[in-house]
Amino acid sequence: MFKALILNQQDKTTQAHIGNIDSNQLPEGDVTVAVEYSSLNYKDGLAITGAGKIIRQFPMVPGIDFAGTVITSSNSRYQAGDPVVLTGWGVGENHWGGMAQQARVKADWLVPLPAGLNAEQAMFIGTAGLTAMLCVQALEDAGITPESGEILVTGASGGVGSVAVTLLSKLGYRVAAVTGRAAQNAALLKQLGAESIIERSELEEPAKPLEKQRWAGAIDTVGSNMLAKVLTQMDYNGAVAACGLAGGFDLPTTVMPFILRNVRLLGVDSVYCPVEKRQQAWQRLSQLLPASFYQQAGQTISLEQVPEFAQAIIKGQVTGRTLVKLS
Ligand code: NDP
């Protein structure tokens, strides 16, 4: 028996409680993992509070990412004792997830933890960090180099944005960070490697079909009017990696940046990203992120504290990463 956070639905509201689960009750999968850390993401907050329709089958164990050690495996690629990390694949949404002391998943969903990275560090990076790395790789694949010019990162003090700023700066790019919380976060963003800070309000002004060319590349976590504005300011042949919708899921733009400036809009998804690409991304994360990255603001909580923090994260009251310690 082991401990898990279990979600049930009663009278259309989601109820969370800590319960004991027998290993036999775990869902199908060829690898069983002793979870050391999970992390609390915005999506987990929506799932646990029921504020968003993330979960459709109950009972469910939430937790969209986790890191731990293999207990048993019927797949030859993994042996007992192997350290592993998992993000995405609908785990914690439609397959029991990481907020339990054990999880059973498909081997194909796992990534071996790169040497030099422990479970705690892997969850400090989490889904947000992996997504940032995939965005950087999308810009590189589009031929954007440090010599191409400045890179804009929107939603810069968020989970994805702050890792994107760190990675780009480590790779030698000049980074401009867009934030709505400059008074609070400008110093931190500069510490992470941003060369300049752009006020969010500057990119909220209505966009003309084409504006002055400013950015060789951009990583956008915001969507909507901000992404539309960024597209109008891209250099000829520039590329934008779009991964988020913090400002809305619409995109009120014109075709002008695409047809007159050869601007490329690159979609980035981490949930169903192919395994080889994930493995490469995790390797690079382990090599690029400095030790100081893991000392940023954040908190480690117990499974019992998760419901309280889930409420706080959807109210925007949580600063930094929240790790959930399972063992
Ligand atoms: P966070 O909530 O940590 O960060 C989002 C940031 O965006 C905030 O910190 C804020 O930054 C800025 N922001 C918030 N609201 C607005 C707004 N209305 N207008 C403009 N800027 C705003 O989220 P994450 O970094 O974890 O995720 C960012 C986005 O990426 C989310 O939409 C998330 O769903 C998505 N995502 C997508 C993934 C994928 O696979 N494609 C995977 C992971 C996340 P500041 O205060 O600096 O302005």
| query | Based on the Cβ-Cβ distance from residue 325 to residue 80, what FRET efficiency comes out when R0 is 25 Å, to the nearest 0.05? | reply | 0.70
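Taking the highest mean first, how do the peptides 128-137, 141-150, 232-241, 6-15 order by number of other beta carbon atoms within 10 angstrom per residue?
On the way: 128-137: 26.1, 141-150: 15.1, 232-241: 21.9, 6-15: 13.4.
By packing density, highest mean first, the sequence is 128-137, 232-241, 141-150, 6-15.
Please give me, ordered by residue number, the trypsin sites (Lys or Arg not before Pro) of segment 193-225 that lie in loop per DSSP and have at most 14 other Cβ atoms within 10 Å. Don't jump to the answer; show the numbers that get you there.
Working: sites: 200, 212, 214; in loops: 212, 214.
Those satisfying the criteria are 212.
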| query | If r is the Cβ-Cβ distance from residue 190 to residue 255 and R0 is 25 Å, what FRET efficiency results, to the nearest 0.05? | reply | 0.10
| Extension gain (nm, one decimal) between residue 18 and residue 302, 0.36 nm per residue minus Cα-Cα | 101.1 nm
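Percent relative contact order of segment 127-267, based on C-alpha pairs within less than 8 angstrom and at least six residues apart?
Working: 308 pairs, mean separation 32.1, N = 141.
Once normalised by length, the contact order is 23 percent.
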| request: From zero up to wherever the largest Cα-Cα distance of the chain sits, split into 20 Å bins and tell me the percent of pairs in each. | output: 33, 55, 13, 0
| With the contact rule set at Cα under 8 Å and sequence spacing of 6 or more, what percent relative contact order holds for the chain? | 18
| In order through segment 310-327: 3J(HN,Hα) via Karplus (6.51 cos²θ - 1.76 cosθ + 1.60), integer Hz, x for Gly, Pro | 5, 4, 5, 5, 7, 8, x, 9, 9, 9, x, 6, 10, 9, 10, 8, 9, 9
| message | Please list 3J(HN,Hα) in residue order for segment 235-242, calculated via the Karplus relation 6.51 cos²θ - 1.76 cosθ + 1.60 where θ = phi - 60°; whole Hz, with x for glycine and proline. | response | 5, 4, 6, x, 9, 10, 8, 10
| task | Collect residues whose amide H, placed 1.01 Å from N in the peptide plane, falls under 5 Å from the amide H of residue 321; neighbours closer than 5 in sequence don't count. | result | 299
| task | Provide 32, 127, 154, 69 in ascending order of the number of other Cβ atoms located within 10 Å of each residue's Cβ, fewest first. | result | 69, 32, 127, 154
| Expressed as a whole percent, how much of the Cα-Cα distance distribution for segment 212-267 exceeds 19 Å? | 16
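What does the charge add up to near residue 197, with Lys and Arg as +1, Asp and Glu as -1, over the other residues with Cβ less than 11 Å from its Cβ? Can you show the working numbers first?
Working: positive: 181, 190, 200; negative: 195, 199, 202.
Neighbour charge sum, excluding residue 197 itself: 0.
Using the count of nearby Cβ atoms within 10 Å as a rough guide to exposure, how do 243, 273 rank from fewest to most? Walk me through the numbers before you get to the answer.
Values: 243 24, 273 17.
Fewest-to-most Cβ neighbours within 10 Å comes out as 273, 243.
For segment 204-307, how big is Rg over Rh, using alpha carbon atoms and the Kirkwood form of Rh?
On the way: Rg = 17.7 Å, Rh = 16.3 Å.
Rounded to two decimals, Rg/Rh equals 1.09.
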| message | If the reach is capped at under 16 angstrom between alpha carbons, list the aspartates and glutamates near residue 190, excluding any in the same chain fewer than eight residues apart. | response | 150, 199
| task | Would you list, by chain and number, the lysines whose Cα falls below 28 Å from the Cα of residue 208, excluding same-chain residues fewer than 8 positions away? | result | 229
| Under a point-charge model restricted to the Cβ atoms of Lys and Arg (+1) and Asp and Glu (-1), what is the dipole moment magnitude of the chain relative to its Cα centre, in debye to the nearest 20? | 240
| task | Report P(r) for segment 96-203: all Cα-Cα distances, bin width 5 Å, range 0 to the bin holding the largest distance, values in whole percent. | result | 2, 11, 19, 19, 17, 12, 9, 7, 3, 0
| query | Once the piece of chain linking residue 94 and residue 201 is laid out straight, how much longer is it, given 0.36 nm per residue of separation minus the C-alpha distance between them? | reply | 34.7 nm
| said: Taking just the alpha carbons, could you work out the radius of gyration and Dmax for segment 117-275, both in angstroms? | reply: 14.7, 47
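For 71, 64, what's the fewest-to-most ordering of other Cβ within 10 Å of each Cβ? Before the final figure, lay out the partial values.
Values: 71 15, 64 28.
The most exposed by this proxy come first: 71, 64.
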| request: Check the straight Cα-Cα distances from residue 315 and name the lysines below 25 Å, setting aside those fewer than 8 residues away within the same chain. | output: 12, 43, 53, 325
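Just so you know, all these numbers are worked out from the coordinates, no wet-lab data involved. Remember, predicted model here, so these are calculated numbers, not experimental data. Methodologically, a virtual Cβ is constructed for each residue, glycine included, from the backbone with ideal geometry; neighbour enumeration extends over all protein chains shown.
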